[in-house]
Amino acid sequence: MKKILIIIAMALAFATVPACAETYADKVERMAAIGDIAGLRAEVAEVTATADESARTLYERAKAVSCLRKTIEASEGEKKEREGMALESIALAERSLAAAGLDSDERAEAYFVVATENDRLIRDAPSWMARHAAKENALAQCLAIDPGHRGGRLLRALSLIHGPMSADGDRAKGKEEIDELYGRNPEWLPVLLARANEARDKKEYDDAERITRDAAALYPENAQLRANLAEYSIMRREPTVRRVTVTGKTKLPKKRIERKARAFIGEKYTFDTKDRLLAKVSEIEAVWSCEATAHLVGSNEVDVEIAVGENNLIVLGAIGYAAASLDYDKDPQFTGFPALLYNDANFFGSGNSMSVIFAGPYFKINYAIPGLIGDRFPDVDLGWSSNFLGSDSTKYSEGIPEKNQELHSAEHIATLKVGKKSDIGLYGYLEGTATYHDWEASDRNDAENFAEPGETLAYEGVADIGIDTIGGGMGSKLDRPDGFSVSIKPGIIWQPDYDAWGDRDDRVFAHDDKPGFKFSSTARYCKKIGARHGFEANVGFQTGWNVYETEKWAMGEGNPMSSGPSLDGFYAGEFRYTTGVVADFGYQIQPIPDRFSLFAKYDVFLDADSVRVYHGTAIGSAVKLPKGFELSAQAGIGVNAERENGPGVEISMLLTRIWLF
């Protein structure tokens with residue numbers, strides 16, 4: 001998901017709450033609206049000097065520090081060092097909420113402080129991952145206490161307008177809420193700024209300037225309005241761009257960013273020029289956000305400074321997975337593995353991403369290059385995976401491994417993937433893989449009439465076309481994804497040394513000289529329901545023609561390294577088939593939002609080869625532990641699994657810890 005940009009307009013710097021008599025929030029917000037930095041500094045000093053640690057004093061300190069931070073940044077611009085003020089406001093507000101003594105209006109306002117300051121801290125990919133949920137939770141609490149809270153409603157509206165669909169963005173709904181707020185508060189500065197920004201985004205520049213001038217007449221001392229009017233004044237001159245430079249420290253080479261902007265030197269600097277310039281810079285995948293500021297040089301030239309926010313997210317993860325199941329005779333079988341994960345979204349400032357998974361005998365590495373030729377050209381993904389324990393093509397019949405039907409080999413796969421995903425979620429990729437096996441190296445191959453082929457290579461080409469509006473995540477069981485995805489994947493497989501498997505007439509794994517063909521289609525629908533519930537459905541169809549025995553589809557229980565629909569309560573890979581349909585449905589309830597979850601699943605699988613239907617189900621829970629750990633556990637039941645007596649049973653636990661840098 002590229003550039004999830006929820007940077008709310010500076011309108012929120014002056015959001016107030018209505019009241020008949022002036023409350024403390026009214027007082028400091030009024031000082032902020034007129035840009036009274038000195039007065040706010042004095043107010044912060046006064047409430048900080050007291051030794052009183054009551055809930056109300058903590059709340060007043062949080063509100064005063066928040067207003068001071070927003071007013072300074074409205075006048076002087078954002079700076080990294082002022083994030084400490086946002087963190088201080090959050091800590092003070094949370095302490096005031098934890099203590100007793102606030103009335104309902106003050107509690108709503110304290111939650112609003114937590115929401116707005118978390119929003120201020122969202123400026124790149126790592127901060128979005130770390131802060132978005134906290135912001136949304138605090139905003140929900142604010143509006144639950146006071147549904148008419150103007151600041152809270154405006155923050156929600158701006159989040160809807162600027163947020164992507166995968167993060168509940170809804171521009172039309174956000175615009176509707178701003179219009180309603182304006183109808184009730186036509187002289188309220190925050191909503192005037194929001195309307196001006198909306199007109200600006202729609203390229204209605206005359207309306208944007210008119211709204212800004214009307215607001216400036218009401219608030220002549222407001223620094224944000226003065227800055228906006230100064231920009232309009234420059235734009236009306238249509239000066240020529242003399243120079244474009246990148247300000248601040250960047251991990252990407254500044255020359256790469258500036259190369260994007262060179263084409264604009266010599267152009268007339270207008271809002272359209274500015275928009276095209278920022279869009280051009282944003283083509284770089286590692287650029288999370290960008291802004292341009294023009295400085296008039298002489299009477300008709302400007303120097304443009306570009307400030308970029310980069311996606312420098314580095315993710316480190318540790319996973320511990322353990323599972324137990326009962327075999328056909330009800331004897332326990334155990335499996336498990338530790339895993340380490342690494343992902344760097346801007347690897348050594350290249351703008352490319354690197355990911356590594358290491359899970360004992362399993363190793364996988366991917367290197368993704370966004371736009372190998374140019375940023376708007378197809379992306380290229382190079383990958384390698386090795387499974388030293390080997391692939392397992394064991395066949396089961398009525399729940400029992402078939403005698404003399406085991407086939408094992410270490411497996412190594414190289415992949416090349418080329419394609420592109422659009423901002424609205426449409427994508428198309430071509431993927432080629434080469435899979436290597438060394439069958440002679442295994443002493444566990446006892447397949448009936450098995451002609452050991454030695455070393456083999458299999459080549460596969462797949463086209464992957466679809467749409468995905470769900471977006472990314474951290475793979476947490478506490479995630480409640482929202483959106484839908486649909487994909488179709490036709491593919492062709494060829495083993496050049498097919499004859500090494502022996503004569504097809506009497507060899508189980510033999511194959512003719514023609515390639516195999518595979519086709520799969522999947523659909524996924526996810527829906528957040530309120531603040532605590534979530535629903536998910538997955539449906540998959542797989543089929544094939546002239547498929548190699550070792551390349552048949554496999555179905556059974558999943559694990560953290562697998563994706564797509566699974567069949568809980570059955571063995572991993574229990575069913576190997578040419579054609580089948582699988583669907584699973586899940587529902588999640590979070591008694592404590594983003595901290596504790598209960599979930600249930602139902603799976604159904606049609607093995608079209610045998611014309612039989614199998615059912616699985618699972619229940620589980622996930623909990624956020626101290627120190628950032630997360631523990632999830634589930635129990636799966638294979639309702640009609642073929643066992644000696646009773647259903648299939650599997651239990652699994654997953655412990656994870658993610659670090660964001």
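What net charge is computed for the residues neighbouring N366, neighbours being all others with C-beta under 14 Å from the C-beta of N366, Lys and Arg scored +1, Asp and Glu -1?
Details: positive: K364, K417; negative: D344, D379, D381, E431.
So the surrounding residues net to -2.
When the helices in the chain are scored as -39500 (n - 2.57) per DSSP H run of 4 or longer and the sum is shared across all residues, what 222 nm value do you end up with, to the nearest 500 deg cm²/dmol? Kindly include the intermediate steps, with their values, before the conclusion.
Values: 13 runs with 188 residues, N = 661.
Taken over the chain, the calculation gives -9000 deg cm²/dmol.
Using a probe radius of 1.4 Å on heavy atoms only, what accessible surface per residue do you get for the chain? Whole Å² is fine.
47 Å²
Using the alpha carbons of segment 236-342, what is the convex hull volume per residue in cubic angstrom, as a whole number? Please list the in-between numbers first.
Working: hull volume 14.2 nm³, N = 107.
Measuring per residue, one finds 133 Å³ for the Cα hull of segment 236-342.
Suppose a student asked you for the relative contact order of the chain, using Cα pairs under 8 Å spaced at least 6 residues apart; what percent would you report? Please report the intermediate quantities before stating the final value.
Details: 1495 pairs, mean separation 54.7, N = 661.
The value is 8 percent.
Dividing the convex hull volume of the Cα atoms of segment 136-207 by its residue count, what figure in Å³ per residue is obtained?
Convex hull of Cα atoms, per residue: 81 Å³.
How big is the Kirkwood radius of segment 62-153, worked out from every pair of different alpha carbons and given in Å to one decimal? List each step's numbers first, then the result.
Details: mean 1/r = 0.0752 Å⁻¹.
The Cα-based Kirkwood calculation yields 13.3 Å.
For helix 189-201, what angle does its Cα long axis make with the longest principal axis of the chain, in degrees from 0 to 90 and rounded to 10?
60 degrees
Over segment 230-299, what relative contact order in percent results from Cα pairs under 8 Å that are six or more residues apart?
Details: 53 pairs, mean separation 22.7, N = 70.
Once divided by the residue count of segment 230-299, the mean separation gives 32 percent.
What relative contact order, as a whole-number percentage, does segment 156-219 give when Cα pairs under 8 Å and 6 or more residues apart are counted? Can you show the working numbers first?
Details: 61 pairs, mean separation 13.9, N = 64.
The value is 22 percent.
Relative to the longest principal axis of the C-alpha atoms of the chain, give the angle of the C-alpha long axis of helix 223-237, reported between 0 and 90° and rounded to the nearest 10°.
Helix 223-237 and the main axis of the chain meet at about 80 degrees.
Around T579, which amide H atoms from residues at least 5 apart in sequence, or from another chain, sit under 5 Å from its own amide H, with H modelled in the peptide plane?
Long-range HN contacts for T579: A608, D609.
Can you tell me the length gained on complete extension of the stretch R210 to A600, counting 0.36 nm per residue apart and subtracting the Cα distance? Don't skip to the end; give the middle numbers.
Numbers: separation 390, 0.36 × 390 = 140.40 nm, distance 5.46 nm.
Additional length available on full extension: 134.9 nm.
Suppose R0 equals 45 Å. What FRET efficiency, 1/(1 + (r/R0)^6) with r the Cβ-Cβ distance, do N640 and I314 give to the nearest 0.05?
Numbers: r = 46 Å, r/R0 = 1.02.
The value I calculate is 0.45.
Measure nothing fancy, just the Cα-based angle from helix 37-49's long axis to the longest principal axis of the chain, in degrees from 0 to 90, nearest 10.
Helix 37-49 sits roughly 70 degrees off the main axis of the chain.
For the chain, evaluate the Debye formula with one uniform point scatterer on each Cα (no solvent term) and list log10 I(q)/I(0) at q = 0.10, 0.12 Å⁻¹, rounded to two decimals.
Ignoring solvent entirely, the Cα scatterers give -1.02, -1.31.
Quote to one decimal, in nm, the extra length available between V486 and I592 on full extension: 0.36 nm per residue of separation minus the C-alpha distance between them.
Working: separation 106, 0.36 × 106 = 38.16 nm, distance 3.15 nm.
Taking V486 through I592 to full extension adds about 35.0 nm, to one decimal.
Quick check on packing: order 536-547, 617-628, 147-158 by the mean number of other C-beta atoms within 10 Å, highest mean leading.
Details: 536-547: 17.7, 617-628: 15.2, 147-158: 21.5.
Per-residue mean Cβ counts within 10 Å order the peptides as 147-158, 536-547, 617-628.
Using 12 Å as the cut-off for backbone N distance, which residues of segment 277-302 belong to the label zone defined by a point 7 Å from the Cα of R236 along Cα→Cβ?
Label zone hits: none.
How long is the gain from D512 to L660 if the chain were fully straight, where each residue apart is worth 0.36 nm and the alpha carbon distance is subtracted?
48.2 nm
Checking a compactness column here: for segment 502-661, what do you get for Rg(Cα) / (2.2 N^0.38 Å), N being the number of residues?
Numbers: Rg = 18.8 Å, N = 160, 2.2 N^0.38 = 15.1 Å.
Rg over 2.2 N^0.38 Å, computed on Cα atoms: 1.25.
How much accessible surface area, in Å² rounded to 10, belongs to the heavy atoms of I265 with a 1.4 Å probe?
80 Å²
What's the carbon and sulfur percent of the chain's accessible surface, probe 1.4 angstrom, rounded to a whole number?
Working: 17290 of 30850 Å².
That fraction is 56 percent.
Over the Cα atoms, compute the radius of gyration (one decimal) and Dmax (the largest Cα-Cα distance, rounded to a whole number) for segment 210-269, in Å.
So, for segment 210-269, Rg and Dmax equal 16.0, 44 Å respectively.
The values are calculated or read from the model by the stated rules, or taken from the named source; none is laboratory data. This is a predicted model, so every value here is computed, not measured. Because the Cβ atoms are built from the backbone with ideal geometry, glycine has one as well, and the counts that use them run over all protein chains shown. Only protein heavy atoms, including side chains, enter the accessible area calculation; ligands, DNA and RNA are left aside. Shrake-Rupley method; radii C 1.70, N 1.55, O 1.52, S 1.80 Å.
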